[in-house]
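Written below as structure tokens is the structure these notes are about.
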Amino acid sequence: MRSAYDVIVRPIISEQSMEQTHMKKYVFEVARDAGKIEIKKAVETVFGVKVDKVNTLRVKGKVKQQGRNPAGRTAEWKKAIVRLTDDSKTIEFFEGMV
């Protein structure tokens, strides 16, 4: 069994994801084979919060070309949008970003 730190790869910090923090929604890059239940348990373990809902989506790699070389692709990855319960505390990592 893998640890919670293997499931959560990194937080996603962008303008769109930071606008959702006041609604207690946080965005993470997660392992591609992780399920919603596994993501929920990992976020609750790492940050000590109560998760209400998890939405996941797979982000396809973009076609990139550098010079005259044949076109390649960037890596595919999985994104999870985690919504916390109303009575849960916020994730302190994201508080200084807004």
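Residues of segment 62-98 with the amide nitrogen closer than 11 Å to a label point 7 Å from the Cα of Val9, along Cα-to-Cβ, please.
Answer for segment 62-98: 75-80.
Loop-only check: which trypsin sites (Lys or Arg not before Pro) in segment 31-92 are DSSP coil with at most 16 other Cβ within 10 angstrom?
Hits after loop and neighbour filter: Arg32, Lys50, Lys60, Lys62, Arg68, Lys89.
When the chain is fully extended, how far beyond the present Cα-Cα distance does Asp87 get from Val63, taking 0.36 nm per residue of separation?
The Asp87-Val63 span can extend by a further 4.4 nm.
For Lys62, what charge total do you get from the other residues with a beta carbon under 14 Å from its beta carbon, if Lys and Arg give +1 and Asp and Glu give -1?
Combined, the nearby Lys, Arg, Asp and Glu give +3.
Sum -39500 (n - 2.57) across every DSSP H segment of at least 4 residues in the chain, then divide by the residue count to get the 222 nm mean residue ellipticity, nearest 500.
Mean residue ellipticity at 222 nm (helix-derived): -5500 deg cm²/dmol.
What does the charge add up to near Arg2, with Lys and Arg as +1, Asp and Glu as -1, over the other residues with Cβ less than 12 Å from its Cβ?
Neighbourhood net charge equals -2.
When only Cα pairs under 8 Å and 6 or more residues apart are kept, what is the percent relative contact order across the chain?
About 31 percent, as a whole number.
Please give me the summed charge of the neighbours of Ile81: other residues whose Cβ is under 9 Å from its Cβ, Lys and Arg +1, Asp and Glu -1.
Around Ile81, the charge tally is +4.
Which residue, Thr74, Thr21, Thr45, tops the fluctuation ranking in a GNM of the chain built on C-alpha contacts under 10 Å?
Thr74
Enumerate the lysines that Lys41 could reach by cross-link, defined here as Cα to Cα under 18 Å, with residues fewer than 8 away along the same chain left out.
Lys24, Lys25, Lys50, Lys53, Lys78, Lys79, Lys89
Any read-out appearing in this document is the output of simple, stated calculations on the displayed coordinates, not a laboratory observation. Note that this is a predicted model, so its numbers are computed, not measured. Neighbour counts run over all protein chains shown; Cβ positions are idealised from the backbone, glycine included.
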